[in-house]
Amino acid sequence: MKRVLKYSLLFLAASLVLGFAGCDLDWGNTQEETPGQETPGGDNNPIDDDAGVSFVDHPNGTLSITNGASEDMVIFYGQTPANNTILGGVRAGTTRNFDVSFRSDFGVGGWMILRGIKLSEYRTNRNSLSNAKIEYSAMATYREGQRFSTAIQSDYMGDYAIRVNNVGRLGVELRKNSPDGEKIGYVPALAQNNYYYFNSSNQMTIFPVFVYYDNVSKTVNTLRATSMLESQSVGPRAGTSIPTVRFPNDNDSWNAILGTLVSPVAYVTVQNNTNQGGQVERGTTPLISQNGYDSLNSGEISTFEVTATSTGVSIMLNITFYGGDVTIPVKTVDGETPVFINGYDYTITVEGAGGDAASYIVTFEQSENARDLEAQIEAL
C-alpha cells in the first residue's frame, strides 16, 4: 500500500505542475446529467417569470436547504455554475426541499457540490455566469430514502473575501476558529481560485477538515489535522487586496498530511427499526448525523461521528423517543457502557415499541479493525 501511495503522490505532484494549476476539477460529480422536474421551464414546474428559476418546494425531496440570508438564492450543482446545472431557488428566510433523484447513482448513493448565487446577481449575470459572485458553497450527499440538510448563513456573504486554493487530493471543508467551528464553505480537491465572502474583515483562523466520500459505505467521512500548524489565520479583504490561502499549507503536501492525520472520531451507525422517530444522544446532548440531522426517523439508518480517543473511552449513548420521555441506554451484550475507539466502526440497532424503555432491544457491535486511512485515501 505504501509503495502504491508513493507513486500516487508523485503523479499528483506532476499533475499539479503540468496540468491542474488554475483548473477547477469536480471529481465524482458529472455535469452532463440534467435535472428532471427541476429543469427551468419544465412541465408542471412553475418558475419565477423574471429569472426563469423554480422556487417550488418538493416535500418528498431528499435535499433540504435553509436560506438564512436576506436575499433569494439560486442553487447550482457542480463546482462551476452554468444555466444547465441550476437545481432551483430558495427564498430568503425559508427552507426548501429539492428533488435530486435525477442523479444517476441516486439509488445507491453519491455526493455533489452545491454553489449558490443571489437571485439579483444571477439576473445580472445569467448570460455570463463566470462573472457572477458565488456566495455559497457546500457538499451534499444523497441516497434514495435518506435526507441531507444544509444551510446558507448570512455571516458568510458580503463584500470581504478570501481566495482559497486546494492542492490536495481530498476536498476541504473550511471551519471557523476550530475544527468543530462554523462551516465557511467547501473546496473540492485540486480546485484553484475559490472565493469565500464575509460580512466582516475581522481576522479568523480557518481549520481544514478533509472530506471524502466512501463509495463502499456510501457515507461522507472527515479527517482533520491534529496540529495547529495545519490552520491558516487570515483577514478577509475587499477589492484588489483579497488574500490567498492554500490547503494543505505545508510544502511537502500529502506526505506531511498522511503523517499527521488520524481518525478523530468513532463512526457510529444507528438503525431505527421502531415505529417512532427519535434521537441519538451523548448523555443528554443530541448528536448530528453525517447527513446533517439531529433526528432519526422510523426506518432510517444514519451514521454519527462520536469523539472518542485512540485508546478507548466509555461513552454513554442514549436512544430517546416520545420527546425524551422514553430513554433507552446503549449497552454491550454484557450490560456495560460501551467503549469507543477513534477510527473504529460501531453498529447500533434499536427495536421495540411503546412507552416502557424495557420493551426495547438495542444491539451493539464493534468492527474487528479500525479504518485504514491510507487505503481510503488511496481509493479516491
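The values are calculated or read from the model by the stated rules, or taken from the named source; none is laboratory data. Treat the numbers as computed from the prediction; the structure is a model and nothing was measured. As a convention, Cβ positions derive from the backbone with ideal geometry for all residues, glycine included, and neighbour counts pool all protein chains shown.
Scanning region 232-282 for residues that are modelled with pLDDT of 85 or more and closer than 16 Å to residue 305 by Cβ turns up 265, 266, 267, 268, 269, 270, 279, 280, 281, 282. Scanning region 311-322 turns up one or more residues that are in a helix (DSSP H, G or I) and at pLDDT 90 or above.
Using the structure shown, decide if residue 334 is in contact (Cβ under 8 Å) with a residue 24 or more places away in the chain and either surrounded by fewer than 18 Cβ atoms within 10 Å (Cβ to Cβ) or not hydroxyl-bearing (Ser, Thr, Tyr) (or both). So residue 334 does not fit the description; no.
I need every pair where a residue in region 85-99 that is under 16 Å from residue 60 (Cα atoms) has its Cβ under 7 Å from the Cβ of a residue that is part of a strand (DSSP E or B) and among the small types (Gly, Ala, Ser), sequence separation at least 6 or different chains. From region 85-99, the pairs are 95/64; 97/64; 98/88.
Just name the residue that is nearest to residue 139 (Cα to Cα) out of those in region 179-203 that are surrounded by 19 or more Cβ atoms within 10 Å (Cβ to Cβ) and small (Gly, Ala, Ser). Filtering first and then ranking leaves 185.
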